[in-house]
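Q: Structure provided below as structure tokens; questions to follow.
Please treat every number below as a calculation from the coordinates, not as lab data. This is a predicted model, so every value here is computed, not measured. Virtual Cβ from ideal backbone geometry, glycine too; neighbours counted across all protein chains shown.
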Amino acid sequence: MTELTPRFSATRAVTEYTEKYYLPAARNYLTRKENGAALAQQMVYQLGILEEQWIYLRFGKTKVDGQSYETEIYLGAIDPPRSTRAFCRGDPPEVYTMQQKSALQGSSNTYIYAANYPHYALLMSIRYALELP
């Protein structure tokens, strides 16, 4: 019992949650609050555009070659993000960052995004990165 108590104690849980979740969330809040909350306002604006334009987002050809993944994404009126995220299956889920490789020739606002990932990862979906630098 003495070995289990520190692992399952309320003190440990509160300390862990404070360090892992609450303090980083507070730091992120302070960053977004700077300059009259300009960063937060920009994120809300981008989210509104994304929600409005989501129905126009289309995926084109997808290529998987070994550990590399490449896909065409038509963004409609959405500004091309610097990167996007690819969500993968797993426990816990693994996330692989996709980089904008190039614009697709002959198509308006369509880009090729690419990522490398371990062979066991199964890519499930792709989403626009809302988080700003």
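Q: Between residue 18 and residue 64, what is the label-point separation in nm under the 7 Å Cα-to-beta-carbon projection?
A: For the pair residue 64/residue 18, the computed spacing is 4.5 nm.
Q: Also: Any idea which of 10, 22, 55 is furthest toward the positive side of the dipole for the range 1-56, if Lys and Arg beta-carbons carry +1 and Asp and Glu beta-carbons -1?
A: Sorting the options by dipole projection puts first 10.
Q: At 7 Å along Cα-to-Cβ for each site, give me the label-to-label distance between residue 9 and residue 105 in nm.
A: 6.7
Q: I'd like the Kirkwood hydrodynamic radius of the range 1-56, using the inverse of the mean 1/r over distinct C-alpha pairs, in Å. Spell out each step's value before the answer.
A: Values: mean 1/r = 0.0693 Å⁻¹.
For the range 1-56, inverting the mean 1/r across all distinct Cα pairs yields 14.4 Å.
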